[in-house]
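The values are calculated or read from the model by the stated rules, or taken from the named source; none is laboratory data. Owing to the predicted nature of the structure, the values given are computational and were not obtained by experimental measurement. Every residue, glycine among them, receives a Cβ derived from its backbone with ideal geometry; neighbour counts consider all protein chains shown.
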Amino acid sequence: MKYEKEVSRRRTFAIISHPDAGKTTLTEKLLLFGGAIQTAGAVKSNKIKKHATSDFMEIERQRGISVATSVMTFEYKDNLINLLDTPGHKDFAEDTYRTLTAVDSVILVIDSVNGVEDQTRRLVEVCRMRDTPIIVFVNKMDRDGKNRFDLMEEVENELKLSLHPMTFPINSGKDFKGVYNLFDKTLCLFTASTKADDEDTIDIADLSDEVLDAKVGERDANTLREDVELIEGVYGDLNVADYLAGKICPVFFGSAVNNFGVKEMLDTFIQVAPRPLCRQTSAREVCPDEDKFSGFVFKIHANLDPKHRDRIAFMRVCSGRFERNKYYHHVRMDKDVRFSNPYSFLARSKDVIEDAYPGDVIGLFDTGNFKIGDTLTEGENFFYTGIPTFSPEIFKELVNKDPMKTKQLEKGVQQLTDEGVAQLFTQFGGNRKIIGCVGDLQFEVIQYRLLHEYGAACEFRTLPYYKACWLTSKDPNKLGEFLRFKQQNSGEDKDGNPIYLAQSEWFLNTEISNNPDIQFHFTNEVNK
Ligand code: G4P
């Protein structure tokens with residue numbers, strides 16, 4: 001229990017949302033509360049504006065900027081908070097999914113006007129895979145949004161989340177008057193402001209207090225009384241254990257741009273959000289307060305300067321204490337490595353750190369030794385598990401344009417896929433190399449980087465696949481037979497796992513029902 005004090009004050013989380021719901025704005029307000037930044041507008045959005053989507057260099061440049069804000073660390077009321085940023089662009093969704101494996105909880109931002117959107121659904125699915133505790137922030141209450149009860153129902157039904165309101169709004173849009181805090185029994189009156197800590201909070205003994213009528217008007221006061229009676233009857237007190245188990249999501253209403261409702265959420269967050277927890281590895285469960293250090297790589301960010309093929313590997317510290325210049329065991333490569341310049345990420349700059357504790361994320365300079373899921377320990381052999389890979393959605397054949405550079409091309413493709421930029425499959429019967437990505441943009445990124453970093457020219461030929469499924473079966477003969485029979489549509493991933501490349505949903509469903517002894521998986525796990 002050497003590191004108990006450090007572990008118990010850490011909260012590591014990510015904010016997730018559909019683009020434009022207000023993730024960047026909320027991040028900025030949280031940093032203002034934490035004193036990590038002084039002025040509004042200091043956090044650059046890593047969101048890529050719609051009209052710039054064809055210009056991937058611009059996107060990569062912005063992603064470069066976003067390395068600095070990949071992890072934002074700040075102190076708030078004696079807690080050390082690590083906020084992990086996630087890319088806003090859907091073509092980089094896999095980066096976001098992997099980042100979610102490195103956090104202990106998330107805050108989900110929902111736009112009160114648009115309600116549940118596409119990206120929200122997918123992100124929540126990923127959270128559900130690990131039962132990650134979720135706090136919901138319903139944003140933009142200053143705009144005419146959906147009815148608050150309808151909105152809660154939409155979130156509950158569409159995202160299959162059970163909500164528990166912690167604050168409740170009085171109207172929305174131009175009639176928005178504030179929120180009632182069901183937990184503290186206080187009334188927070190809405191004032192449009194962007195500064196930290198200037199909310200107008202009023203203590204009211206109970207809802208029958210006439211101060212309420214005086215502040216919000218009799219009609220709205222009565223509506224609030226009815227709403228709260230209904231809510232308290234249905235929900236009761238928050239069961240923190242259910243929240244920690246990912247079964248119940250506390251909900252807050254507010255307006256990030258006006259810094260309204262944010263402090264209530266942050267104050268509750270530090271009280272209830274989980275500290276770093278024990279995590280499963282291939283050998284055993286490893287707990288944060290163990291003496292010995294261990295951690296895993298969940299994201300790799302390349303330096304886009306072609307002269308330096310160096311990268312930054314993001315490592316989540318899971319147990320013990322990480323120290324600068326100490327040798328650690330790189331389990332997959334079975335070799336000892338040390339780092340003289342490990343980074344910690346602050347809102348504005350990257351600082352070299354001396355040590356780090358569970359919950360922290362450190363940036364390690366890498367020249368090609370790391371791939372996603374790699375684990376460092378003090379000698380023990382295990383891998384952190386539960387890091388998912390998802391079926392890509394776009395498939396293209398990689399065509400070598402310069403046979404003299406075959407080796408460079410292969411090396412480049414290996415390294416880029418280690419980074420998690422894309423997935424590589426080799427088709428049986430012909431050995432075609434197939435690159436699978438979640439978004440079209442990555443193909444441009446890959447082509448550019450192969451040429452500029454590895455000197456290898458390539459082309460892509462579109463393939464008519466719809467999904468890649470990983471195959472498993474208790475009966476190796478049945479699986480072997482299927483793969484032989486379906487040569488044109490099967491292959492293996494980089495680690496030699498068999499896959500089926502489905503041309504359409506219809507083909508996939510047919511194969512699933514024709515082959516009951518074979519399991520088709522849409523996700524695969526690194527370090528299974
Ligand atoms: P994202 O990171 O989730 O993509 O969203 P971001 O914070 O960039 O917010 C998207 C837009 O929504 C921004 O406007 C932002 O100002 C606005 N916004 C955020 N919170 C609120 C809120 O509580 N109320 C209202 N009315 N708007 C909000 P923009 O016009 O795209 O950018 P900007 O010109 O304001 O920077």
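What the table below lists for this structure:
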| quantity | calculated |
| --- | --- |
| Selection within the stretch 114-131 - more than 19 Å from Pro165 (Cβ to Cβ) and surrounded by fewer than 21 Cβ atoms within 10 Å (Cβ to Cβ) | Asn114, Glu117, Asp118, Gln119, Arg121, Arg122, Glu125, Arg128, Met129, Arg130, Asp131 |
| Residue match in the stretch 215-237 (condition: surrounded by fewer than 17 Cβ atoms within 10 Å (Cβ to Cβ), under 31 Å from the mean Cα position of the chain (by Cα) and in a loop (DSSP other than H, G, I, E, B)) | yes |
| Criterion: at pLDDT 85 or above, in a strand (DSSP E or B), in contact with a strand residue (DSSP E or B) (Cβ under 9 Å, 6 or more places away or on another chain) and not acidic (Asp, Glu) - qualifying residue of Leu424, Leu409, Leu450, Leu416 | Leu424 |
| Selection status of Val257, modelled with pLDDT of 90 or more, within 15 Å of the ligand (Cβ to nearest atom) and farther than 20 Å from Thr27 by Cα | no |
| Helices (runs of 4 or more DSSP H) contained entirely in the stretch 1-111, each with at least 2 residues that are hydrophobic (A, V, I, L, M, F, W, C) and either at pLDDT 85 or above or farther than 24 Å from Asn259 by Cα (or both) | 23-33, 56-68 |
| Verdict on Leu163 being surrounded by 15 or more Cβ atoms within 10 Å (Cβ to Cβ), outside any strand (DSSP E or B) and either among the charged types (D, E, K, R) or assigned by TED's automatic domain parsing to the domain that holds Tyr76 (or both) | no |
| All positions within the stretch 9-28 that are more than 6 Å from the ligand (Cβ to nearest atom) and among the β-branched types (Val, Ile, Thr) | Thr12, Ile15, Ile16, Thr27 |
| Qualifying residue in the stretch 250-257 (condition: β-branched (Val, Ile, Thr), farther than 23 Å from Ser172 by Cα and within 22 Å of the chain's Cα centre (by Cα)) | no |
| Condition met for Gly246 (touching a Pro at 6+ places or on another chain (Cβ under 7 Å), of a type outside the set (Lys, Arg) and not in a strand (DSSP E or B)) | yes |
| Single condition Pro392 does not satisfy, out of (1) outside the structural domain of Phe425 (by TED's automatic domain parsing); (2) surrounded by 17 or more Cβ atoms within 10 Å (Cβ to Cβ) | (1) |
| Single residue of the stretch 367-388 satisfying the filter (in a loop (DSSP other than H, G, I, E, B) and under 17 Å from the mean Cα position of the chain (by Cα)) that is farthest from Ser340 (Cα to Cα) | Gly386 |
| Exclusive hit being at pLDDT 90 or above, within 22 Å of Thr27 (Cα to Cα) and of a type in the set (Val, Ile, Thr), set Val126, Val138 | Val138 |
